[in-house]
Amino acid sequence: MKKFTILPFILLLQVVAVQSQSSSLSDEEIITHLKSLLYVAEKNIDEEALNILDKNWEEGMIAPLVEIQRFGSSVKQSYKINDLLRKKTKQEHYGFFEWMGWLWDTKPDIKPYYFEFKAIVHQHIDDRFPKYFKGRSQQASIRLEEVVWGGVKQDGIPPLRNPKLLNASEADYLADSDIVFGAYINGVAKAYPKRILAWHEMFIDTFGDDLICGVYCTLCGTVIAYDTEHNGTTYNLGTSGFLYRSNKLMYDASTQSLWNTIEGKPVLGPLFDKGIELDVLPIVTTTWGEWKATHPNTKVLSLDTGYKRDYGEGVAYQSYFETDDLMFPVPKSNHSLPNKAEVLIVRTPDYEKDPLAISIKYLKKKKWYRGSIGSTRFIVIADKTGAARVYDSSSIKFNSYKKGILMDNQNQEWNIAHDKLTSPDGTVLERLPSHNMFWFAWYNTYPKTRLAK
């Protein structure tokens with residue numbers, strides 16, 4: 001980020017300094033002092049600003065000062081800001097990430113000027129970023145300090161829009177063991193190899209008459225397929241460049257609202273309270289060999305994406321996937337499973353009220369699971385790779401699943417298809433949407449979740 005010398009602030013700081021001796025600061029004055037800590041290079045100006053903030057301290061200053069720890073002018077200045085934060089909070093922390101952890105635990109007051117300041121902080125990274133925050137202090141369902149820049153510009157990780165596809169027989173670049181994300185929607189099967197999607201983190205593609213957005217959060221290990229149409233409006237989604245609890249936030253082009261990737265709904269901006277939640281569609285994490293065996297007519301991504309990337313298996317995010325360490329901090333931790341252990345998430349209508357995660361390791365071993373979320377009863381069928389499909393079991397009671405044969409308590413064998421279960425008498429049980437996810441990411445969204453392992 002560029003460091004700017006802002007001479008016009010000097011006179012203003014002197015005037016405000018006199019006013020501050022006898023009165024509290026206005027939001028505009030607080031923003032002026034915070035800005036000076038970001039960009040000013042003149043000697044002692046930062047000390048003057050910090051002294052004024054010290055004398056007129058309020059809790060709302062904490063979050064923007066922590067943000068400056070990441071984007072400030074110098075290490076020396078960071079120490080000065082850190083000293084002020086320690087003095088006012090009585091906490092012994094240092095640096096952006098340590099203070100962020102404390103912020104998440106204590107949840108100090110957030111003032112409207114933080115939204116304006118956050119727009120200023122990020123405008124020199126991408127001139128589209130201020131739209132996410134400016135004037136939106138009353139348009140948020142998540143806490144602003146948890147919205148963290150992920151290190152790229154808007155769509156800096158470029159989505160694949162209407163990508164080129166190959167027939168399965170043409171995809172000679174893929175090994176049977178390569179991981180793919182498979183979607184079967186409206187009778188159309190398509191596979192999106194992890195080795196490609198990890199470089200793009202989103203695809204926008206058609207399945208019949210539906211325009212589907214598959215959003216891949218590499219940090220939280222999930223691909224979720226959303227129908228981009230809701231109540232007659234189609235949303236043009238992209239990658240915002242920001243994270244929430246180490247989970248990417250999407251944006252929509254028309255309003256620049258930020259969207260929660262896990263829940264498929266706006267959380268910051270003019271759409272946040274409009275009751276919008278995109279429909280989720282089934283997607284499965286499996287191997288190319290398993291997917292093409294069950295879907296021989298599948299289409300699959302071409303290496304000709306229009307971008308120059310090393311699409312070798314395991315190249316993208318290699319160091320991240322090799323350890324259990326996280327790239328960005330999160331508020332909570334739970335050691336019931338490793339951070340990056342994969343869990344299956346079943347998206348029934350009541351999944352937010354009665355959240356459930358099912359260990360993929362458990363499914364690889366047991367091959368099936370019977371459960372319920374709210375009023376929805378379901379059955380999970382998994383293959384040897386752990387690739388799992390979920391079906392609404394309704395009032396049917398299943399007794400066993402052995403060697404690929406599913407039997408109910410009436411001793412009937414059910415036919416298992418990718419989109420439904422069918423009994424000998426023609427009863428059909430529909431498939432439910434589900435997706436894989438890293439344990440830490442699900443737990444940080446729903447800490448009261450049940451866990452089957």
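The values are calculated or read from the model by the stated rules, or taken from the named source; none is laboratory data. The structure presented is a predicted model; accordingly, all values stated were derived computationally and were not measured. As a convention, Cβ positions derive from the backbone with ideal geometry for all residues, glycine included, and neighbour counts pool all protein chains shown.
At a glance:
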read-out	value
Top-ranked residue of region 40-76 - restricted to ones that are aliphatic (A, V, I, L, M) and not in a helix (DSSP H, G or I), ranked as modelled with the lowest pLDDT	A41
Matching option when the condition is assigned to a loop (DSSP other than H, G, I, E, B), hydrophobic (A, V, I, L, M, F, W, C) and under 15 Å from L160 (Cα atoms), among L278, L219, L303	L303
Residue within region 23-34 that is at pLDDT below 95, more than 34 Å from the chain's Cα centre (by Cα) and either part of a helix (DSSP H, G or I) or surrounded by 18 or more Cβ atoms within 10 Å (Cβ to Cβ) (or both) present	yes
Checklist (1) at pLDDT below 85; (2) crowded, with 18+ Cβ neighbours inside 10 Å applied to L37, failing item	(1)
Yes/no for V148 being within 30 Å of H124 (Cα to Cα), in contact with a helix residue (DSSP H, G or I) (Cβ under 8 Å, 6 or more places away or on another chain), of a type in the set (A, V, I, L, M) and surrounded by fewer than 21 Cβ atoms within 10 Å (Cβ to Cβ)	yes
In region 151-200, the residues that are at pLDDT below 95 and under 29 Å from H122 (Cβ atoms)	G151
Counted residues, region 401-426 - those being under 35 Å from the mean Cα position of the chain (by Cα) and of a type in the set (F, W, Y)	1
Positions within region 399-420 being surrounded by 13 or more Cβ atoms within 10 Å (Cβ to Cβ) and either in contact (Cβ under 8 Å) with a residue 40 or more places away in the chain or acidic (D, E) (or both), in sequence order	D408, H418, D419
Criterion (within 30 Å of P331 (Cβ to Cβ) and either β-branched (V, I, T) or touching a residue at least 40 places away in the same chain (Cβ under 8 Å) (or both)) met by exactly one of V152, V180	V152
Selection within region 186-228 - at positive phi, surrounded by fewer than 22 Cβ atoms within 10 Å (Cβ to Cβ) and not polar (S, T, N, Q)	G187, G208
Residues located in region 360-381, provided they are among the hydroxyl-bearing types (S, T, Y) and either farther than 18 Å from K402 by Cα or out of contact with any helix residue (DSSP H, G or I) (no Cβ under 8 Å at 6 or more places or on another chain) (or both)	Y362, S372, S375, T376
